[in-house]
Amino acid sequence: MLSDDMTRLAARVREAEDHAAAAQAKSKADVEREVATARASAEAQADKLRQAAEEHKGKISVWWRDVQHSWSDHIEKMRDDIDAKRAEHNVERAQSRAEVAEDDAQFAIDFAFSAVEEAEYAVLDATLARKEADELAQQSASS
């Protein structure tokens, strides 16, 4: 059910919030391990999303498939850029990278917030569409 998926999404957001807050008090090595774990998890989720988009090609709108492809391309380019910048060992560049990473994180949060808003709209729209279809089916059956 769609509302169950929204509950699962909310729980995942709380979990991400807890991880982000706890990272401030952890050692660099611990945070590095968590970054690697989070990256692997994000990659697995992206793969799952790609697979779902392919499997439901005829069921989801072309617009959502295009968003998924665009998101995948964006993530790949962003990770390549992060990896390249992480390899640099200059204090000024490291400071600059940290600032850009913080700005990127803020934008990712804003993007995710917008995605949640879109998800809420999509769930409500799907609920309305189902109610309209059921109403029409009932009217058709009674005629």
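The values are calculated or read from the model by the stated rules, or taken from the named source; none is laboratory data. Only a predicted model underlies this, so the values are computations on that prediction, with no experimental measurement involved. Cβ placement follows ideal geometry from the backbone for every residue including glycine, while neighbour counts extend to all protein chains displayed. Protein only, heavy atoms only, side chains kept; ligands, DNA and RNA dropped before computing areas. Shrake-Rupley method; radii C 1.70, N 1.55, O 1.52, S 1.80 Å.
Here are the numbers for the structure shown:
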| read-out | value |
| --- | --- |
| Positions within segment 39-70 being charged (D, E, K, R) and not in a helix (DSSP H, G or I), in sequence order | Lys57, Lys59 |
| Condition met for Asp73 (open to solvent by 70 Å² or more (accessible area, probe 1.4 Å), part of a helix (DSSP H, G or I) and farther than 18 Å from Ala38 by Cα) | yes |
| Checklist (1) out of contact with any helix residue (DSSP H, G or I) (no Cβ under 7 Å at 6 or more places or on another chain); (2) closer than 30 Å to Arg8 by Cβ; (3) not acidic (Asp, Glu) applied to Val123, failing item | (1) |
| Test: residue in segment 117-124 that is open to solvent by 60 Å² or more (accessible area, probe 1.4 Å), in contact (Cβ under 8 Å) with a residue 40 or more places away in the chain and assigned to a helix (DSSP H, G or I) | yes |
| Residues (acidic (Asp, Glu) and either under 16 Å from Val67 (Cα atoms) or touching a strand residue (DSSP E or B) at 6+ places or on another chain (Cβ under 9 Å) (or both)) located in segment 105-136 | Glu117, Glu118 |
| Odd one out for Met1 among (1) closer than 23 Å to Thr127 by Cα; (2) aliphatic (A, V, I, L, M); (3) open to solvent by less than 70 Å² (accessible area, probe 1.4 Å) | (3) |
| The listed residue being surrounded by 12 or more Cβ atoms within 10 Å (Cβ to Cβ), at pLDDT below 85 and not β-branched (Val, Ile, Thr), out of Arg39, Arg86 | Arg86 |
| Members of segment 8-21 that are open to solvent by less than 90 Å² (accessible area, probe 1.4 Å) and more than 24 Å from Glu102 (Cβ to Cβ) | Leu9, Ala10, Ala11 |
| Residue within segment 126-138 that is at negative phi, touching a residue at least 60 places away in the same chain (Cβ under 8 Å) and among the aliphatic types (A, V, I, L, M) present | yes |
| Selection count where residues are surrounded by 12 or more Cβ atoms within 10 Å (Cβ to Cβ) and farther than 23 Å from Arg39 by Cβ, scope segment 89-106 | 0 |
| Qualifying residue in segment 63-70 (condition: exposed (fewer than 10 other Cβ atoms within 10 Å of the Cβ), without any contact (Cβ under 8 Å) to a residue 40 or more places away in the chain and not basic (Lys, Arg)) | yes |
| First in segment 8-23 and free of Cβ contacts under 8 Å to residues at least 24 places away in the same chain, second anywhere and surrounded by 13 or more Cβ atoms within 10 Å (Cβ to Cβ) and not hydroxyl-bearing (Ser, Thr, Tyr), Cβ under 8 Å, 6 or more apart | His19/Glu34; His19/Ala38; Ala23/Val31; Ala23/Glu34 |
